[in-house]
Amino acid sequence: MSSIRTGLIGLTVAGDAVPIANGVLTVAQGVTAVNPETGTTDDLDTISLSGALSALGFSSTYAPLIILQGTTSNTITVKHGTGNIQLNNAADLSLGATDALMLFYDGTNWHDLGY
């Protein structure tokens with residue numbers, strides 16, 4: 001495993017960036033770097049929790065999650081309303097090289113705290 005330092009906010013993510021698989025990001029920690037499944041662009045429709053996080057109670061209401069770019073040259077589009085992600089501006093959001101998106105889980109959907 002490598003350590004990824006991403007974004008202007010200087011968060012450090014332990015481990016490798018997680019690739020999106022068929023629009024789904026499976027997270028195993030509260031700060032997650034994400035990469036496309038293939039190529040340099042991908043859509044993120046749904047977030048699911050790994051079994052380890054669920055076992056720790058992370059899936060409880062208002063659990064926080066921060067998503068960062070795994071590679072600065074990639075573009076990840078977070079899709080509003082396609083899966084279990086509901087964004088405040090009711091529109092898709094493109095994560096750039098230095099962007100971070102903070103979300104919380106309401107028991108059904110992930111909501112952003114602002115961007």
Completion exercise
Taking the stretch 50-68 and keeping only residues that are more than 11 Å from Ala28 (Cα to Cα) and at pLDDT 85 or above, one is left with Ile66, Ile67, Leu68
Fill in the blank from the handout: A careful count of residues in the stretch 83-108 that are at pLDDT 90 or above, in a loop (DSSP other than H, G, I, E, B) and surrounded by 15 or more Cβ atoms within 10 Å (Cβ to Cβ) gives 4
Handout entry: Checklist (1) exposed (fewer than 15 other Cβ atoms within 10 Å of the Cβ); (2) among the hydroxyl-bearing types (Ser, Thr, Tyr); (3) outside any strand (DSSP E or B) applied to Thr71, failing item
Key = (1)
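The values are calculated or read from the model by the stated rules, or taken from the named source; none is laboratory data. A quick note: this is a predicted structure, and the numbers were derived from the prediction, not measured. In this analysis, Cβ positions are derived from the backbone assuming ideal geometry, glycine residues included, and neighbour counts consider all displayed protein chains.
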